[in-house]
Every structure is written in C-alpha cells, then in structure tokens.
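Enquirer: Before we start, here is the structure in question, set down as structure tokens.
The values are calculated or read from the model by the stated rules, or taken from the named source; none is laboratory data. Computed from a prediction, not measured in an experiment: that's the story for all the values here. Here the Cβ is made from the backbone with ideal geometry for all residues, glycine too, and neighbour counts use every protein chain on show. Note: areas computed on protein heavy atoms with side chains; ligands, DNA, RNA excluded. Shrake-Rupley method; radii C 1.70, N 1.55, O 1.52, S 1.80 Å.
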Amino acid sequence: MQKPLSAIQSYGLAVLAVSVALAGALVLQRYNFRGVEFTVFLLAIVVTVWYGRTQAGAFALVLAALVFNYFFTEPLHTLYVTPAEIPYYFIFVFFASLLGWFTAVRRRVERELVQSRSELEKEVAERTQQASLLDLTHDSICVRNMGNVVTFWNRGAEELYGWRAGEVVGKVTTHGLLQTVFPAPLEDISTELLSTGRWDGELKQIKADGSAVVVSSRWSLRRDEHGKAVAILETNNDITERHRREHEIRMLNEELIERASELEAINKELEAFAYSISHDLRAPLRHMVGFTELLKKNAASVRDDKIQRYVTIILEAAKRMGNLIDDLLAFSRIGRAETRKTMLSLQQLVQEALAEARQDTGGRNIVWRVGALPDWYGDRSMLRLALVNLVSNAVKFTRTRPRAEIEIACMDQTQDQVVLLIRDNGVGFDMRYVDKLFGVFQRLHTREAFEGTGIGLATVQRIVHRHGGRVWAEGEVDNGATFYFSLSKPEEV
C-alpha cells in the first residue's frame, strides 16, 4: 500500500496541480478551446485530494478560484468579481467541494480495502504457515466446527487413522467417522467444553482398516471476537500400547493380590498346624522325659554301663526335642502376635539382653563394647527377644576364644530408619552359605560343636520384618561374624 504524502508534499502537490491546470487551460484557450477551464481546475482539485490530503484539496480549491478569476474572467488579470459572476463562483465552489468530498471518501474506502486485503493476505499466510507446522507434528490434530464437521485434518491424523484429508475435510463428522466411544455422555462433555473451554480424556475409536485404537484426547474451544464458540481444536495421541500394558499390569496386580491372599491363608494354616502339633507333642514328650528319669533312677543300682548310656541318650534327646518344640512355639507366636509399637530405649533393651546372656558366661573372659544407642519405635517384647537371640549367638560362637570380644553399636541412623550391629570374634561362617543363616532349622555348625535348634535367627528375621526392616550378616571362617538389622519408623508416627 502506498505511503500517504506529508503535509508539505500535499500542499506542493496542490500548487503543482493548479499550475499544470492553468498551463493546460491557457494552451487550450490559445487553440480556441473555450469553456474547459472549469473542468481542468476541477481535475486539479480531484488529483490533489486523491494523492494528497483533504486540507491540501481545500487549498487547491482556493488557489484554483483565484487563478481562474485572474486569468479567465473579465476584467482579466485582476481579482475583481462582478455581481453577475458571484453565482458562477458559488456553483464552481459547490461542484469542487462535492467532487473533492467524493474523491476523499472513495480514496479512504480504497485505502481501507487495500489495508483489509493486506491484513487478510497476511492472516491467510499465517494460517497457511501454521497449517504447515501442524502437518510437521506426529500428533493427530483436527479442527471441527460446532456441528462436528471436520475443517482441518493434519498429516498426523492421516497417519494415525488412515483417512486422507481430502476424504474427511468438509464431508464427515469425527464422531461418526471414527465410531468414537466416550468415557461419559457426549452432552456432559459438551457442557464442560463450553463452560471451561477445554476437555481431556481417553477415547476408543476405529481406524480406516477396522482396527481399534485408544487415544488420549484434548479439546480446546475457539471463540470469535464476540465470544461465540466457532470451532474445536482436537489433539489425539495414540496410547493403545500403553493402555494394553496398563491393563496387563492391573491383571498381574490382581493376580498377585489373589496369590498373596492365598499364600497368607496357607501361612496361617501352617502356623496353626505347627502350633497345634507342637502343643500336642508337649504332653507325650513330658511323659517320655518323666518315665526316662524314673527308669534312670531305678536302674542306678544296675551295673551295666550300656543301659545307663542308653537311658542318658534317650533323656538328652527328649530334652532337646522339648527345647525344639518350645522354640517352634515361640517362632509361631511371633507370626501370630499383634505388634504393639511404642517409643522405647534400645540402650535399656541391650542391657537387659546382656544381663540374660551373662547367666551362661560364668568364668569366661568376655570384653563387651556397647555404643550409644537411640530411642526408637517398636514392640518391646519382640525386640528384646531378637536382641537376646543375637547376643546369645555371639556368646555361644566365641566360646572357643580365650578372650572373647563382642560389640553392639548403632551403625547408621536417619529420620526414618536405624541400623544396629552385633559383632564378635568367634568362629564365623562361610559366606557361601549366608542364605541359610535365617532359615528355620538351618545350621552351619554341628550340634556336637554348638548347641541350638536352628530357630533363633529365623525368629530374629521375623521380628525385624514385622518392624519394617531387614537383617543380614557378614562373616569369615574362624575370623568372627557381624549381624546387622534395621528398624523403620512406623508411618503413623
């Protein structure tokens, strides 16, 4: 669009146009063309208004009237106006003003049309560029009017659904074409879209080849300058594979929950069975021990070493079986008992465990190293039993050392967890068999070398698990062992 002239340029144009009109009128008059002066000066005014400014057109009108009076009306070469010429001047001014106004209006309308066309071309170019950019994305993008008829269908939509833009744009509705299944009634979705300007959710649709697809869909509402809804921009991303995997994960979780429930029921049945068997074995075992002791007492007068040895073996085996049943019952009770967690002093619990363990250390040289231990949350009776078992193990497996060393300390502490260790310089163990340490009835040493039922460490593990922690061990044959266990803070604290 042509840039408008400045004020100086416009007034210069007025002088030039009137001068050219004067020269032309004089030339035409010389060749006996009379009566054209009026038209020539009107043309000069029109040219000034068209290319210059309205004020310059008024200036051209005044200048043309003076020039016309000076050169073409009697008396010539004067500015005198006779009364008879006044109506003629009024007609000239009227026509010149009307023509100038018409010219100015038309010029303004033309400039507005040119500007509108330029803006429209710019908008079309921008939309064309935007459409090109939307075609570059792999996402499926379509635009539809409020009647759900497609007005734009990008390349991503072609790749996802299999329909070309020419087959879709302006011809079909997306819901009918894709056989869309909505997660909620379409009326409710439309209401939410109109009220908030957007909606998102998962849709099930059918592609051109008949296969099903699940998409994550986002809708955005477009309004015009008056706030009226005119179009909907829809972006769809294929999540079929993710949806399938989520479904598989849900199915696996449900199966795991079902199996966990079955396993829990089986464990409860096994614990109940073990408890029942252990409890029922106690009575006949007491009878066996009692009658064996009577037999040993009555056979004391018999001078037969074999009989005495057999009776002693039977009595020791019966007592060992009694201890095994007692430990099995204690282990079963740990699994069945309810955990009552309170704030307690681990330092005090360790002292109580040491006091109990020292009952079997008479005459031994044991160096105890007990570090500072924090207060923590847990079931007092269960943690005391776990510490007693670990300390007793350290005492038992350092029996062969002339100078036993046992350390109890806090290795690590955070806001949610504490880790304790019990270290000794005893016989240790082979790390290849570390997985057997915490199994029921699992032993890494012979019964003749070290007594025990093989349930103590399994009990420790069960107690630690009930406190949200874990237990592990490190050792080396004939070079001591270290047992670690962690305790977690309850979520409700």
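Enquirer: Taking the residues in segment 181-234 that are of a type in the set (Val, Ile, Thr) and closer than 22 Å to GLU246 by Cβ as candidates, determine which candidate is surrounded by the most Cβ atoms within 10 Å (Cβ to Cβ). Explain how you work it out, then say what you get.
Expert: At the first step, the residues of segment 181-234 found to be of a type in the set (Val, Ile, Thr) are 181, 189, 191, 196, 206, 213-215, 230, 232.
If we keep only those that are closer than 22 Å to GLU246 by Cβ as well, we get 181, 206, 213-215.
Working: VAL181: 13, ILE206: 15, VAL213: 18, VAL214: 20, VAL215: 23.
Filtering segment 181-234 for residues that are of a type in the set (Val, Ile, Thr) and closer than 22 Å to GLU246 by Cβ, the one surrounded by the most Cβ atoms within 10 Å (Cβ to Cβ) comes out as VAL215.
Enquirer: Just one of (1) part of a loop (DSSP other than H, G, I, E, B); (2) among the small types (Gly, Ala, Ser); (3) on the phi < 0 side of the Ramachandran plot trips up GLY227, so point out which.
Expert: Single failed check for GLY227: (3).
Enquirer: Return only the number of the condition from (1) closer than 17 Å to ARG462 by Cα; (2) modelled with pLDDT of 70 or more; (3) not small (Gly, Ala, Ser) that ASN267 does not satisfy.
Expert: (2)
Enquirer: Looking only at segment 352-392, which residues are closer than 18 Å to ALA409 by Cα, under 49 Å from the mean Cα position of the chain (by Cα) and surrounded by fewer than 16 Cβ atoms within 10 Å (Cβ to Cβ)?
Expert: Of everything in segment 352-392, those that are closer than 18 Å to ALA409 by Cα, under 49 Å from the mean Cα position of the chain (by Cα) and surrounded by fewer than 16 Cβ atoms within 10 Å (Cβ to Cβ) turn out to be VAL370, GLY371, ALA372, PRO374, ASP375.
Enquirer: Scan (1) within 24 Å of SER211 (Cα to Cα); (2) of a type outside the set (Ser, Thr, Tyr); (3) at pLDDT below 85; (4) open to solvent by less than 40 Å² (accessible area, probe 1.4 Å) for the single condition ALA131 breaks and write down its number.
Expert: (1)
Enquirer: Could I ask something else about it? Can you tell which of LEU5, LEU76 is open to solvent by 60 Å² or more (accessible area, probe 1.4 Å), at pLDDT below 75 and in a loop (DSSP other than H, G, I, E, B)?
Expert: Details: LEU5 fails: open to solvent by 60 Å² or more (accessible area, probe 1.4 Å).
After ruling out the rest, the residue left standing is LEU76.
Enquirer: Select from segment 168-180 the residues that are under 27 Å from ARG242 (Cα atoms) and assigned to a helix (DSSP H, G or I) and list them in ascending order.
Expert: THR174, HIS175, GLY176, LEU177, LEU178
Enquirer: Of all residues in segment 398-427, which are open to solvent by 10 Å² or more (accessible area, probe 1.4 Å), within 16 Å of GLU474 (Cα to Cα) and outside any strand (DSSP E or B)?
Expert: Across segment 398-427, the qualifying residues are ASN425, VAL427.
Enquirer: Is segment 410-425 home to any residue that is farther than 17 Å from VAL471 by Cα, at pLDDT 85 or above and touching a strand residue (DSSP E or B) at 6+ places or on another chain (Cβ under 9 Å)?
Expert: Yes, that holds for at least one residue.
Enquirer: Working only within segment 290-320, note down all residues that are at pLDDT below 70 and within 29 Å of ASN389 (Cβ to Cβ).
Expert: Answer for segment 290-320, where residues must be at pLDDT below 70 and within 29 Å of ASN389 (Cβ to Cβ): just ARG320.
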